[in-house]
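To start, the structure under review is shown below, and the notes come after it.
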Amino acid sequence: MHPILYEIRDALKGHYPDSEALALAKMLLVEVFGFSTLELYGGKDKEFSEKHRSVLTEMIRRLQKNEPIQYIIGIENFGGLTFEVNPNVLIPRPETQELVAWIVEDCQSGKSVRILDIGTGSGCIPISLAKQLSKAEVESWDISEDALQVARRNAERNGVEVLFRQKDVLKASPDEARYDVIVSNPPYIAEKEKVDMEANVLDWEPSIALFVPDEDPLLFYRTIAQLGCSMLKEG
């Protein structure tokens with residue numbers, strides 16, 4: 001393997017297990033510095049310039065502070081698509097793809113469908129749905145304008161149209177719009193659970209997208225369900 005792999009792994013000792021450090025090293029070299037599999041594993045030496053080394057040193061420093069690598073390289077893959085991510089949005093999780101797949105399977109009749117996504121973040125859910133359901137009309141809400149800016153760029157990056165609106169679901173009242181599907185991956189972690197969370201999540205990902213009051217952990221689920229009673233079409 002390329003010696004720079006071991007150099008990065010050793011720099012991360014004490015911060016990550018060796019196997020995870022090696023995986024992070026591979027991701028940096030492939031995604032940021034354009035290493036091929038042959039260059040990583042085939043013994044083929046690749047020149048690593050002083051400019052590259054300076055960039056790598058800064059990225060290692062950020063990893064040592066437990067910053068998620070997705071924020072460091074600025075992208076994350078989700079359902080075959082690539083999304084910009086930064087600390088204004090949650091990093092898309094693989095299990096959320098199951099939610100997208102369920103909706104896609106449910107809407108395969110070929111009919112046009114109207115979908116509302118609540119709490120869009122990076123836009124991974126509505127953009128994936130718009131990409132896979134060509135006849136879908138997709139709208140997304142988020143309370144954070146910073147998150148919406150990321151989501152809009154991601155829609156453009158992936159070549160789909162989604163209507164993004166800045167809206168606080170906790171203050172929303174039912175309007176005349178009717179939807180076939182309302183989807184959300186809302187905050188659900190109680191504040192008291194912070195003590196058990198990993199630093200790379202707690203210190204870096206947006207708390208507004210993660211936490212709910214200890215006394216009302218189902219706050220968003222209840223609110224969205226109540227809205228759904230009025231805003232979902234029959235059936």
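The values are calculated or read from the model by the stated rules, or taken from the named source; none is laboratory data. From a predicted model like this one, the values you see are computed outputs, not experimental measurements. Note that each Cβ is placed from the backbone with ideal geometry, even for glycine, and that neighbours are counted across all protein chains shown. Please note that ligands, DNA and RNA were not included when accessible areas were found on the heavy atoms of the full protein model with its side chains. Shrake-Rupley method; radii C 1.70, N 1.55, O 1.52, S 1.80 Å.
When the chain is fully extended, how far beyond the present Cα-Cα distance does Tyr6 get from Tyr188, taking 0.36 nm per residue of separation?
Stretched fully, the Tyr6-Tyr188 segment lengthens by 61.6 nm.
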**Message:** With Rg and Dmax of the Cα atoms in Å as the read-out, I listed (1) 20.9, 68; (2) 21.5, 80; (3) 20.5, 63; which label goes with the value calculated from this structure?
**Reply:** (3)
**Request:** Over the stretch 1-131, calculate the relative contact order: mean separation of alpha carbon pairs under 8 Å at least 6 apart, over the residue count, as a percent.
**Result:** 18 percent
**Complete:** quick shape note, the stretch 37-174: Cα extents on principal axes in Å, largest first -> 57, 34, 24
**Complete:** Computed for the stretch 4-134: size of charge dipole around the Cα centre, +1 on C-beta of each Lys and Arg, -1 on C-beta of each Asp and Glu, debye to nearest 20, value 180 debye
**Message:** If DNA, RNA and ligands are ignored and the probe is 1.4 Å, what is the ranking of Thr120, Thr37 by accessible area, most exposed first?
**Reply:** Thr37, Thr120
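Just to make sure I understand: if all protein chains stay in place, what is the order of Asp168, Asp146 by accessible area at 1.4 Å, largest first?
Putting Asp168, Asp146 in descending order of accessible area: Asp146, Asp168.
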**Fill in**
The distance between the Cα centres of the stretch 30-98 and the stretch 137-169, in whole Å, is 24 Å
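For the stretch 84-235, what relative contact order do you get, as a whole percent, if you take Cα pairs closer than 8 Å and at least 6 residues apart?
25 percent
Could you compute the FRET efficiency for Ser49 and Arg178, with r as their C-beta to C-beta distance and R0 at 45 Å, rounded to 0.05? Mind dumping the intermediate values first?
On the way: r = 57 Å, r/R0 = 1.27.
Taking R0 as 45 Å, the efficiency between Ser49 and Arg178 is 0.20.
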**Message:** Taking the Cα centre as origin and putting +1 on Lys and Arg beta-carbons and -1 on Asp and Glu beta-carbons, what dipole magnitude results for the chain, to the nearest 20 debye?
**Reply:** 520 debye
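Hey, got a sec? Which trypsin sites (Lys or Arg not before Pro) in the stretch 35-109 land in a DSSP loop and have at most 16 other Cβ atoms within 10 Å?
In loop regions of the stretch 35-109 (DSSP not H, G, I, E or B), the sparsely surrounded trypsin sites (Lys or Arg not before Pro) are Lys44, Lys46, Lys65.
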**Asked** Averaged per residue, what accessible area in Å² does the stretch 119-197 show with a 1.4 Å probe, protein chains only?
**Response** 52 Å²
